[in-house]
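Chemist: Please find one structure pasted underneath; my questions will follow.
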Amino acid sequence: DTLAGKTLICQALTTAVRVLPGTSVASMAANPVTVASGLNPGLSFGVGERAQFVMGQDEGWLQIITEGGAAATFLVWEQKP
């Protein structure tokens with residue numbers, strides 16, 4: 001089961017992060033988002049920020065990265081219809 005098409009509520013707890021949906025774990029492993037790449041795709045979440053968004057029908061996975069490369073705590077809830 002994936003997150004495709006689901007409405008999510010997400011919150012960054014310990015540090016700011018960028019969140020990027022992906023179509024598969026393999027595609028994200030082959031092309032990970034990195035701070036060193038100089039690219040800043042995805043949604044930005046500040047510490048304590050909570051947001052709701054809908055995953056695309058072909059985007060079943062999430063990857064996160066912190067701006068400084070530190071470990072992060074990022075919570076994800078599925079909102080039931």
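The values are calculated or read from the model by the stated rules, or taken from the named source; none is laboratory data. Predicted model only: the values in this text are computed from it and were never measured. Cβ placement follows ideal geometry from the backbone for every residue including glycine, while neighbour counts extend to all protein chains displayed. These area figures cover heavy atoms from the full protein model, side chains too; ligands, DNA and RNA do not enter into them. Shrake-Rupley method; radii C 1.70, N 1.55, O 1.52, S 1.80 Å.
Chemist: Please identify the pairs in which a residue from region 53-69 that is in contact (Cβ under 8 Å) with a residue 12 or more places away in the chain has its Cβ atom under 7 Å from the Cβ atom of a residue that is among the polar types (S, T, N, Q) and not in a loop (DSSP other than H, G, I, E, B), counting only partners at least 6 apart or on another chain.
Modeler: VAL54/THR7
Chemist: Could you check LEU75 against (1) at pLDDT 90 or above; (2) in contact with a Ser or Thr (Cβ under 9 Å, 6 or more places away or on another chain); (3) part of a strand (DSSP E or B) and say which number it fails?
Modeler: Of everything listed in (1) at pLDDT 90 or above; (2) in contact with a Ser or Thr (Cβ under 9 Å, 6 or more places away or on another chain); (3) part of a strand (DSSP E or B), LEU75 misses just condition (2).
Chemist: Continuing with this model, one more query. Please indicate, with yes or no, whether at least one residue in region 50-71 is of a type in the set (Gly, Ala, Ser), modelled with pLDDT of 85 or more, open to solvent by 40 Å² or more (accessible area, probe 1.4 Å) and out of contact with any helix residue (DSSP H, G or I) (no Cβ under 6 Å at 6 or more places or on another chain).
Modeler: Yes, region 50-71 has at least one match.
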